[in-house]
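A short write-up of the structure that comes next.
Read the figures in this text as sums done on the coordinates, not as results from a lab. None of the values given here were measured: they were computed from a predicted structure. Using ideal geometry, Cβ is built from the backbone for each residue, glycine included, and neighbour counts are taken over all protein chains shown.
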Amino acid sequence: MSKRVKIKHLIKEGQPGEKVTVSGWVRTFRQNRFISLNDGSCLSNMQIVVDFENMEESIIKSITTGAAISASGEVVESQGRGQRIEIQAETIEIHGLADPDKYPLQAKRHGLEFLREIAHLRFRTNTFGAIFRIRHSASFAIHKFFNDRGFYYMHSPILTGSDAEGAGEMFQVTTLPLNDVPKTEDGEVDYKQDFFEKATNLTVSGQLEAELGALALSEVYTFGPTFRAENSHTSRHLAEFWMIEPEVAFCDLEDNMNLAEDMLKYIIQYVMDHNREDLDFLDNRLQQEEKSKPQHQRSPMALIEKLEFCLANDFERVSYTEAIRILMNSKPNKKKKFQFVIEEWGADLHSEHERFLVEKHFKKPVILYDYPKDIKSFYMRLNEDGKTVGAMDILFPGIGEIIGGSQREERLDVLLSRMKEMDIPEEEMSWYLDTRRFGTCPHAGYGLGFERMILFVTGMANIRDVIPFPRYPGSAEF
Ligand code: ATP
Ligand code: MN
């Protein structure tokens, strides 16, 4: 057999007369003659023509949807429509059979819910192939974006003994026996006997550690898994998701917004440049789906149109105070159509409000900034007014919050009094406070939820469909 070539390469470069081998999984086999083979390198299949009179019958019988095969032969110009070239098979090797009576994927469109139940096989569908190729591209783009700008990729810990951020949303990590937990004299869990000799959790964010890195390396970013034990059953929350958290020294809130907007546009552009076939497929798929919806529920833009729109326009930058004014004057608020009606300045914004601002009012991505300090975290920098902090959230159409960030409080005294207000024990945070004691400087950063970004660029509706093996309440399959 000749050397294996990937189908993506062959489609682009293959010339009639060449001898090649392709390997992959059979999508369809028609008339005992035409195999559609997919190897995951691209959405398109390679057509392989079998001369069934000169091929062993046992081999012909084994070529069923889902079987893994290698086919060797000559590249020829395709007689049929839809492809430039095909392969005239000389030999076919069967690697793995797929019993057609048992193989769950048929050559028809399956529902996403069903495919979630067979997440171990859904990679083999066009839709999930496209999603996971795009997911790869987007993560590569993120590394490239930061690397090109001189940021260092920093690995923040996944097991953490600090719980300043997570309050109540953290997964505990322990090697203590759950059915016989050692207790102290006061009846508390005796963590001294636990693996780390203290209570530990899975991280909810790498930010605090990234700050330590930034205050020496100037510009760092993390890109790792984060965990939240929140009991949310929404289409935007996972218990395990990936987060990108840049942290930049000598940077204020505006620089931070600029960095975030540049990064989001860079990722979109990269995917447009490198995954066009997959995007076209998903765009098409979405348009089919939209047709079955009533008019008023259809989205105003097709997928690629939406991505292009996002690239071509500046994000709208609006202060929280202005956003509250808009929301209080809005129809759904006045008619009490919101589940949480906005009564006054200081109210926390829910997804319904964020989506109103993005989808109905501004009709473009929005950056909200300067939030009331009482609804934000202790480390965000207090503004001159003493009421708001230098926070910024980026809101995207169809999704809501995609990024949360802030300028950090670099002034030790202000930080300490904020921690006191919010009951965050100083002793446990001394390592964090040391950066403010020694050589503190203005700095800022943000967290991008990777899966929410993938939702946006793929146009998928449910976050469980853009990560290979979703974890959510009641489910940690595979
Ligand atoms: P939300 O209000 O949507 O729950 P959050 O305010 O809890 O978000 P942050 O703590 O600011 O979010 O986290 C930064 C980013 O991480 C968010 O902007 C979002 O993109 C993403 N994110 C947060 N929680 C989840 C989750 N459970 N699953 C997936 N992505 C998440
Ligand atoms: Mn949340």
Check: Within region 445-475, restricting attention to residues that are farther than 25 Å from residue 270 by Cα and more than 18 Å from the chain's Cα centre (by Cα), which residue is nearest to ligand 2 (Cβ to nearest atom)?
Finding: 473
Next item on the list: Exactly one condition in (1) within 16 Å of ligand 2 (Cβ to nearest atom); (2) crowded, with 16+ Cβ neighbours inside 10 Å; (3) within 30 Å of residue 42 (Cβ to Cβ) is not met by residue 221; state its number.
Entry: (1)
Note to self: Whether any residue in region 100-113 is within 32 Å of the chain's Cα centre (by Cα), in contact (Cβ under 8 Å) with a residue 12 or more places away in the chain and assigned to a helix (DSSP H, G or I) is what I want to check.
What the structure shows: yes
Next item on the list: Quick one: in region 226-260, of everything that is away from ligand 2 (no atom under 16 Å from the Cβ) and surrounded by fewer than 18 Cβ atoms within 10 Å (Cβ to Cβ), which residue is farthest from the chain's Cα centre (by Cα)?
Entry: 250
Next item on the list: Test each condition in (1) surrounded by fewer than 16 Cβ atoms within 10 Å (Cβ to Cβ); (2) out of contact with any helix residue (DSSP H, G or I) (no Cβ under 6 Å at 6 or more places or on another chain) for residue 348 and report the one that comes out false.
Entry: (2)
Next item on the list: With the checklist (1) more than 26 Å from residue 383 (Cβ to Cβ); (2) in a loop (DSSP other than H, G, I, E, B) in hand, flag the one item residue 343 doesn't pass.
Entry: (1)
Notebook entry, point to check: For region 322-345, which residues satisfy the criterion of being buried (at least 17 other Cβ atoms within 10 Å of the Cβ), of a type in the set (S, T, N, Q) and without any contact (Cβ under 8 Å) to a residue 24 or more places away in the chain?
Noted result: 333
